[in-house]
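Please read the structure below before turning to the comments.
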Amino acid sequence: MVSSKEDNPDKAPGAHLKIKIFYNNLIMQKILVANRGEIALRIMRTIRKMGIKSVAVFSEADRNAPHVLFADEAVFLGPAPSALSYLDGEKIIAFAKKLGVDGIHPGYGFLSENADFAQKAAEAGINFIGPDPAAMRVMGSKLAAKECVKQFNIPMVPGTDQAIEDIAPAKAIAAKIGYPLLIKASAGGGGKGMRVVEKEADLEEQMQRATSEAKSSFGDGAVFIEKYISSPRHIEIQVLADKYGNVVHLFERECSIQRRHQKVVEESPSTILTPELRKAMGAAAVMVARSCNYTSTGTVEFLLDDQLNFYFLEMNTRLQVEHPVTEMITGKDLVEEQIKIARGEPLDFTQDDLSINGHSIELRVYAEDPLNNFLPSIGTLTTYIKPAGEGVRVDDGYEEGMAIPIYYDPMIAKLVTHGKDRLDALQKMKTAIEEYNIEGLFTTLPFGKFVFEHAAFLSGKFDTHFIQDHYTPEKLKEKQKQNAELASIIALKYWLNAQKEIMIVETVPSNWKNRRS
Ligand code: ADP
């Protein structure tokens, strides 16, 4: 008798997949989170939700940090400087092996884009929750990334797609694309390693500076030239790719409000994209992911010029800081998806299953002084009371009484709101900022309030030069003075009304008063 597929489920299409999933599920029982602060805590929450055990790592500066207290197990890495703790990949892998860990989630920053670390984890038999080292290597270099996507018709910023070393070819390219232009470090990141050149007379000197800076900061002196897009918006597309060739995008995030080329406010959807443009950028992002056989979560960054032309900038091969806004509008837990992909599960939804629900905005709350050039403001959170309520999410890694260490990124929290539309999300954000009580150091909360009340932001007509064009400490001070005056007028009005009521109650005939009581 010939057995049917029903008789023998192992022969049914996709059966091999199920066996693999089952097998991998079994071996993903303990995940080490190679990070700290808000992102470590956020990742561990999902790990716990999935019934998996978590292991925290910590440095001397983070002994009592919430991510350490939350984890099922925690290991001490060493002194506070990152090089001696959170960047010590060998030590982290050794601990992971010792503790029987079968997955490492790198979060963002630190080792998250280090292909050698991912490779070594894999060699040690530990599942790196992220893309393949090969994809990380390609996308980790802006030049290699350009080379990789070139053949797929992805629009790119005019400029060189190869390292430029000599001034003669640099001048020739510059003459073709025109000034101003941007010299960029191929290995650059975090908004660093970029130089704007306004005119030819400055080109040679700026090239030399850029090259030596790139060498000393990133260990790779390769630089290239791009046209400086004069009024760009930063629009990025979230992608998810499994190990079976399924790639989807989860729409865009607009990240144009930046200081020093680093994002401070993000939102989704963007006010500028039309459905057609969203579709075209989404398709381009999926193509970029396919070009390097990408798996896991990733972000494809684009610049959009004032004519709505979009250009590929780079791909970030990790979970992005601003991923919560995407989670809010799609209802997907991106960390859960990442873990499922890493353990071999196929995506259980398609592009057509995804849609945008409402609007979400994120403010990065940094320990920085917006009245003093956004300089880090290190200190202790003497008061720390966070907002809560429907449509309000705070991803943080600190508690009242804790000090913000000088060794790491000074981000205290991400304040995220979700509303039925942009106005609703904005209103919730403004209320949440009012309710967020942080004392002991300066934060970017007042700057956020300034942005969310600004006509350019409200109208949706802004670009990456928002701060340059609209913000000065004096304007913030003026706004704060106006708000304080308004608050005292409102308080006075309430007080006068209350006095009036007291007077009325006191002057009504006694029999009426008696009837009321
Ligand atoms: P990084 O890897 O350091 O984050 P990116 O290439 O992603 O660098 O660019 C960061 C920011 O720098 C962008 O969001 C944008 O504000 C600015 N930028 C980058 N390239 C250009 C360009 N060609 N023209 C104008 N602005 C640019």
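The values are calculated or read from the model by the stated rules, or taken from the named source; none is laboratory data. This is a predicted model, so every value here is computed, not measured. Here the Cβ positions follow ideal geometry from the backbone for every residue, glycine too, while neighbour counts run over all protein chains shown. Remember, those area values only see protein heavy atoms, side chains included, never the ligands or the DNA or RNA. Shrake-Rupley method; radii C 1.70, N 1.55, O 1.52, S 1.80 Å.
The number of residues in the range 323-339 being open to solvent by 10 Å² or more (accessible area, probe 1.4 Å), part of a helix (DSSP H, G or I) and touching a helix residue (DSSP H, G or I) at 6+ places or on another chain (Cβ under 9 Å) comes to 3.
Residues in the range 260-279 that are touching a Phe, Trp or Tyr at 6+ places or on another chain (Cβ under 8 Å) and more than 27 Å from Met194 (Cα to Cα): 3 in all. Inspection of the range 400-411 finds a residue satisfying the criterion of being modelled with pLDDT of 95 or more, at positive phi and either open to solvent by 50 Å² or more (accessible area, probe 1.4 Å) or more than 19 Å from the chain's Cα centre (by Cα) (or both). Hey, can you tell me all the residues within the range 290-322 that are of a type in the set (Gly, Ala, Ser) and either away from the ligand (no atom under 14 Å from the Cβ) or surrounded by fewer than 22 Cβ atoms within 10 Å (Cβ to Cβ) (or both)? Scanning the range 290-322 gives Ser291, Ser296.
Checked across the range 425-435, the condition of being under 30 Å from Ser82 (Cα atoms) and in contact (Cβ under 8 Å) with a residue 40 or more places away in the chain holds for no residue.
This table checks each residue for (1) within 18 Å of Gly389 (Cα to Cα); (2) within 22 Å of the chain's Cα centre (by Cα); (3) more than 16 Å from the ligand (Cβ to nearest atom); (4) surrounded by fewer than 15 Cβ atoms within 10 Å (Cβ to Cβ).
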| site | (1), (2), (3), (4) |
| --- | --- |
| Thr417 | yes, yes, yes, no |
| Glu439 | no, no, yes, yes |
| Phe447 | no, yes, yes, no |
| Ser459 | no, no, yes, yes |
| Phe466 | no, yes, no, no |
| His470 | no, no, no, no |
| Glu485 | no, no, yes, yes |
| Ile489 | no, no, yes, yes |
| Asn497 | no, no, yes, yes |
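Among residues of the range 84-101 that are among the small types (Gly, Ala, Ser), those with a Cβ under 7 angstrom from a residue that is open to solvent by 70 Å² or more (accessible area, probe 1.4 Å), sequence gap 6+ or separate chain, pair up as Gly89/Lys120.
Here Lys97 meets the list (1) part of a helix (DSSP H, G or I); (2) under 23 Å from Leu240 (Cβ atoms) almost entirely, failing just condition (2).
Looking across Ala214, Ala163, one residue alone is open to solvent by less than 60 Å² (accessible area, probe 1.4 Å), in contact with a Leu (Cβ under 9 Å, 6 or more places away or on another chain) and among the small types (Gly, Ala, Ser). It is Ala163. Of all residues in the range 124-146, those that are under 22 Å from Asp305 (Cα atoms) and either in contact with a helix residue (DSSP H, G or I) (Cβ under 8 Å, 6 or more places away or on another chain) or in the same structural domain as Glu301 (by TED's automatic domain parsing) (or both) total 1. If you go through the range 192-205 and keep only what is open to solvent by 90 Å² or more (accessible area, probe 1.4 Å), within 16 Å of the ligand (Cβ to nearest atom) and basic (Lys, Arg), you end up with just Lys192.
Listed by first and then second residue, the pairs with beta-carbon distance under 6 Å, at least 6 apart or on different chains, first residue in the range 450-468 and at positive phi, second more than 16 Å from the ligand (Cβ to nearest atom), are Gly460/Thr271. Set side by side, the residues Pro158, Pro169 differ, and just one is open to solvent by 30 Å² or more (accessible area, probe 1.4 Å), more than 13 Å from the ligand (Cβ to nearest atom), at pLDDT below 95 and not hydrophobic (A, V, I, L, M, F, W, C), which is Pro169. For the range 33-70, the set of residues classified as part of a strand (DSSP E or B) and open to solvent by less than 10 Å² (accessible area, probe 1.4 Å) consists of Val33, Ser54, Val55, Ala56, Val57, Ser59, listed by residue number. The residues listed here are Ala94, Ala121; of these, the one that is at pLDDT 95 or above, crowded, with 20+ Cβ neighbours inside 10 Å and assigned by TED's automatic domain parsing to the domain that holds Lys53 is Ala121.
Scanning the range 103-116 for residues that are open to solvent by 10 Å² or more (accessible area, probe 1.4 Å) and touching a residue at least 60 places away in the same chain (Cβ under 8 Å) yields Tyr108, Gly109, Phe110, Glu113. Please go through the range 126-154 and pick out each residue that is at pLDDT 95 or above, in a loop (DSSP other than H, G, I, E, B) and open to solvent by 20 Å² or more (accessible area, probe 1.4 Å). Within the range 126-154, just Asp132 meets the criteria. Filtering the range 226-248 to residues that are within 16 Å of the ligand (Cβ to nearest atom) and assigned to a loop (DSSP other than H, G, I, E, B) leaves Tyr228, Ile229, Ser230, Ser231, Pro232. Among the residues of the range 253-274, those that are more than 7 Å from the ligand (Cβ to nearest atom), part of a loop (DSSP other than H, G, I, E, B) and not basic (Lys, Arg) comprise Pro269, Ser270, Thr271, Ile272, Leu273, Thr274. The one condition from (1) polar (S, T, N, Q); (2) in contact (Cβ under 8 Å) with a residue 12 or more places away in the chain; (3) open to solvent by 60 Å² or more (accessible area, probe 1.4 Å); (4) farther than 21 Å from Arg137 by Cα that Gln208 does not meet is (2). Give the residues of the range 252-286 that are in contact with a Gly (Cβ under 9 Å, 6 or more places away or on another chain), open to solvent by 20 Å² or more (accessible area, probe 1.4 Å) and not polar (S, T, N, Q), sorted by residue number. Scanning the range 252-286 gives Arg260, His261, Lys263, Ile272.
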